[in-house]
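Below is one structure; the comments refer to it alone.
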Amino acid sequence: MTSAVAIVNWNSGVLLRSCIESLLATTTNAEILVIDNASKDVSLESAQEFRNRVTFVRNSVNRGFAAAVNQAFQATSTSYVLILNPDVRALPGSLQQLQDFMDAHPRAAAVGGYVGDKYLPRKLPTVGSLMMQNLGLRRVLAADYADYADLKQVEQPAAAALLIRRDAYDEVGGFDERFYPAWYEDVDFCQRLKAKGWDIYFDPQAEFLHEGGYSAEALGSKGFAEAYYGNQVRYAQKHFGSLGAAFVRASIAAGMIGRMIARRKR
């Protein structure tokens, strides 16, 4: 068995069941795990009929996305692990496409599949790009690669469907669990892979269907903002130092004030 599939679940409702069904319909030789971060909804109950084919790891508390990914690597021994969001459905041949690519490219640390136009690969962020994003001068979901129809090296593919080579994961020490509960842990992971000289790819021929946005909805607008911007500052502090983090933090505040003023003028 060359690949494992790890679904990180947190209150995803019936989306988890759909995700598992798509994998079982399109994959026969992959180990499938669900790492559940103390869900309190019906997601696990809805998927219990698959317990003979799927391994369920239930955390007593929400350990966060990064810790769940690390758990998946610790619980498996396959050469590759596909990180898959529960709101994603695999299409026929998608996992095999990614696996065949990795087999043929030994310096590829990771390859991302196509999960929709809103989740195209992006360049790794700089202090300037983060500030522009926070100030509304650069669309958050804007793609950084004009042509995405062909296979290409990228810096940061979407983590919603990302196949990772174990050797590369081990070399950089896995995911940084300080990025809690989610957001920017995948960006940090790609940054460290590139720093070690690994290649990262995007393969649009590996297609997945992505609902998108369930984690943000589950957290609520306030919880999402705290997690997203808190981890953005953490990323800036880690990779750009205190001065860079200060600029990013100031742009977050300025952007929030600007949006408040704009709402009052309506």
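List of remarks:
- Accessible surface, per residue, of the stretch 197-262 when the full set of protein chains is kept, probe 1.4 Å, Å²: 49
- Sequence-distant contacts, meaning Cα pairs under 8 Å at least 6 residues apart, place the relative contact order of the stretch 1-135 at 32 percent.
- Overall form of the stretch 119-240 per C-alpha gyration tensor (a/c, 1.5; a/b vs b/c): rounded
- Local electrostatic count, ASP167, Cβ distance below 12 Å [Lys/Arg +1, Asp/Glu -1]: +2
- The stretch 150-257: relative contact order in percent, alpha carbon pairs under 8 Å with at least 6 residues between: 31
- Percent carbon-and-sulfur accessible area, the stretch 1-142, ignoring ligands, DNA and RNA, probe 1.4 Å: 52
- Translational diffusion coefficient (Stokes-Einstein; Kirkwood radius from C-alpha pairs) of the chain at 4 °C, 1.567 mPa s, in µm²/s: 68
- With the largest listed first and rounded to whole Å, the semi-axes of the equivalent ellipsoid of the stretch 1-63 from the Cα gyration tensor are 19, 13, 9.
- Restriction of the trypsin sites (Lys or Arg not before Pro) in the stretch 1-93 to DSSP coil positions whose beta-carbon has at most 12 other beta-carbons within 10 angstrom yields LYS40, ARG51, ARG53.
- The chain, relative contact order in percent, only Cα pairs under 8 angstrom and at least six apart counted: 23
- Dipole moment magnitude, nearest 20 debye, the stretch 1-93 about Cα centre, only Lys, Arg, Asp, Glu C-beta charged: 100
- The angle separating the long axis of helix 15-26 from the principal Cα axis of greatest extent in the chain is about 50 degrees.
- The Cβ shell under 12 Å around SER18 holds other residues with a net charge of -1, Lys and Arg each +1, Asp and Glu each -1.
- Residues with amide H under 5 Å from that of SER39, placed H, sequence gap 5 or more: ASN11
- Just checking the listed ones, ASP36, ASP87, ASP150: in the Gaussian network model of the chain with Cα springs under 10 Å, the one fluctuating most is ASP150.
- Cα-Cα over 29 Å, subset of LYS222/LYS265; LYS123/LYS222; LYS40/LYS152; LYS118/LYS194: LYS40/LYS152
The values are calculated or read from the model by the stated rules, or taken from the named source; none is laboratory data. Just so it is clear, the structure is predicted and the values come from calculations on it, not from any experiment. Heads up, the Cβs are rebuilt from the backbone with ideal geometry, glycines too, and the neighbour counts pull from every protein chain shown. To get the accessible areas, we keep the full protein, side chains included, count just its heavy atoms, and leave off ligands, DNA and RNA. Shrake-Rupley method; radii C 1.70, N 1.55, O 1.52, S 1.80 Å.
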